[in-house]
Amino acid sequence: MRVNKDYVAGDTVIKHVDELLMLMTAMTRDYRFEKTINEVKGKEHVTMCEVLDRVEARGIEKGIAKGREEGIKEGIREGIKEGIKEGTVNVLISLVKDGILSIADAAKRANMSEESFIQYIK
């Protein structure tokens, strides 16, 4: 836990970036540091803030990708659910038009009011 909440990161340049990042990986078992080596390779004046910003940015990108993936899955589930409902309503409309089912019964089976069901018929 940080004791000094007013800490401002310095701009000290890391001289041995590869070695430091390999050490960080070994100590923390967090391989994101190791993956950062290629991003900063050949770059001069690398600071720890820059390294951590890159690690954090990758984490944010992964989070966004995961959020999109979950959103797509949820959208598919909702689409299937909506498609099933629409298919059911279409069958009920056919039964009403064929005189087999009353509007009241069809609306009840579709879990909607008669007024809402009539809007689908139009």
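None of the figures in this text is laboratory data; all of them are computed from the coordinates on show. On a predicted model such as this, the values are computed, not experimentally measured, just so you know. Here Cβ is always computed from backbone atoms with ideal geometry, including for glycine, and neighbour counts include all displayed protein chains.
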Revision key, fill the gap. Placing +1 on each Lys and Arg Cβ and -1 on each Asp and Glu Cβ in the chain, then taking the dipole about the Cα centre, the residue among T12, V40, S116 whose Cα reaches farthest towards the positive end is S116
Check your understanding: Say we join alpha carbon atoms closer than 10 Å with springs in a Gaussian network model of the chain; which of M22, M112, M48 then has the biggest fluctuation?
Key -> M112
Revision key, fill the gap. Each label sits 7 Å from Cα toward the beta-carbon; between K85 and K62 the label points are separated, in nm, by 3.7 nm
Review point. Percentage of Cα-Cα pair distances in the chain greater than 21 Å, rounded to whole percent?
Key: 65 percent
Point to revise | Hydrodynamic radius (Kirkwood) for the range 23-87, which is based on Cα pairs only, to one decimal in Å | key: 14.8 Å
Revision key, fill the gap. So, over other residues within a Cβ distance under 13 Å of N38, counting Lys, Arg +1 and Asp, Glu -1, the net charge is +3
Study note, to complete from the structure: Quick calc, the chain, dipole around Cα centre from Cβ unit charges on Lys, Arg (+) and Asp, Glu (-), nearest 20 debye, gives 260 debye
Practice item. Take the chain, connect every pair of alpha-carbon atoms lying under 10 Å apart with a spring to form a Gaussian network, then pick out the residue of D98, D11, D30 with the largest mean-square fluctuation. Key: D98
Check your understanding: Gain in length, D105 to E39, computed as 0.36 nm per residue apart minus the alpha-carbon separation, to one decimal in nm?
Key -> 17.2 nm
Review point. How far, in degrees from 0 to 90, does helix 17-28 lean away from the longest principal axis of the Cα atoms of the chain, to the nearest 10?
Key: 60 degrees
Point to revise | Charge dipole of the chain about the Cα centre (unit charges at C-beta), most positive-ward option of I84, G71, C49 | key: I84
**Study point:** Scattering profile of the range 1-41 at q = 0.17, 0.18, 0.32 Å⁻¹ [log10 I(q)/I(0), Debye over alpha-carbon scatterers]
**Key:** -0.59, -0.64, -0.98
Practice item. Please list the non-local residues whose amide H lies under 5 Å from the amide H of T47, H modeled 1.01 Å from N, same-chain partners needing a gap of 5 or more. Key: I14
